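Any read-out appearing in this document is the output of simple, stated calculations on the displayed coordinates, not a laboratory observation. These numbers were taken from a predicted model, which means no experiment stands behind them. Note that each Cβ is placed from the backbone with ideal geometry, even for glycine, and that neighbours are counted across all protein chains shown.
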Amino acid sequence: MSSGTIETGLSREAHDIHQALASLQEELEAIDYYHQRVDVSDDESLKDVLAHNRDDEMEHATMLMEWLRRVMPGFDLQMRKFLFSTGSLTALAAVKAATQAPRTGLGLGSLQGKENKEQS
C-alpha cells in the first residue's frame with residue numbers, strides 16, 4: 001500500500017500523477033502477493049485462480065505505466081531506453097550516463113551559447 005503522503009497545493013496534473021503512482025504501487029504489491037501464493041499452494045485449481053488474478057494485476061499495472069509514459073516525458077525516455085532491449089541493463093544505463101554532461105544550474109547554458117552566436 002502506498003504511503004498516503006501527499007503534498008498540499010498540488011496542481012491537478014501532479015495530483016493525477018500521484019494517484020497513478022500510488023495505484024501502480026498497489027498493483028505491484030498485489031502481483032507479488034498473488035505470485036507468492038501461487039508458489040506455495042498445493043492445490044492446482046487454486047493455483048490456476050491465483051495465477052489468473054496475478055495476471056489481471058499485471059494488466060492493471062501495465063495500463064498505469066502506459067498512462068504515466070504518456071503524461072511524463074521522463075518515463076517515455078526511460079521506457080524507450082530499457083524496455084525490450086537485450087544485453088546488460090546496467091551497461092545500457094552506463095552508456096547513457098557516460099555520454100550525458102553533468103547537469104548544473106538551470107540548464108540554460110545551451111541557450112546562452114546560442115544567443116551569443118546569434119549576436120555575433
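Grab the beta carbon distance between GLN19 and PHE82, set R0 = 22 Å, and tell me the FRET efficiency rounded to 0.05.
That gives a FRET efficiency of 0.35.
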- If you take the beta carbon distance between TRP67 and HIS35 as r and set R0 to 25 Å, what does 1/(1 + (r/R0)^6) give as a FRET efficiency, to the nearest 0.05? 0.60
- In terms of the Cα gyration tensor, with a ≥ b ≥ c the square roots of its eigenvalues, is the range 1-58 rounded because a/c is under 1.5, prolate because a/b exceeds b/c, or oblate? prolate
